[in-house]
């Protein structure tokens with residue numbers, strides 16, 4: 001199990017992580033990066049983070065550690081304004097791609 005966590009932390013999510021979730025989790029606490037795949041699979045994006053409940057993090061994202069859920073939830077709500085500014089350019093690119101290509 002420990003090896004799997006190491007692989008999850010070292011993985012390159014850039015091809016499927018359009019909003020920088022892996023980087024956000026790593027900035028919060030490097031150990032939290034291991035949840036990136038599960039969160040992306042559940043449809044989580046950085047702009048969506050402030051709206052996620054403890055229940056979403058536990059059931060949909062399969063984050064069993066209550067302290068980790070609390071850290072993610074509090075940081076997302078506390079940094080809501082910072083998140084929107086930091087990822088504004090990424091979101092703009094996604095919006096332009098949707099307008100032009102119909103997808104991102």
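Details
- Residue 16/residue 64 FRET efficiency (R0 25 Å; Cβ-Cβ; nearest 0.05): 0.65
- Burial ordering of 12, 17, fewest other beta-carbon atoms within 10 Å first: 12, 17
- Taking other C-beta atoms within 10 angstrom as a stand-in for reagent exposure, 53, 15, 73 fall in the order 15, 53, 73, fewest first.
Since every read-out is calculated from the coordinates, none of them should be taken as a lab result. All values derive from a computational prediction rather than experimental measurement. So basically every Cβ, Gly included, is an ideal-geometry build from the backbone, and we count neighbours across all protein chains shown.
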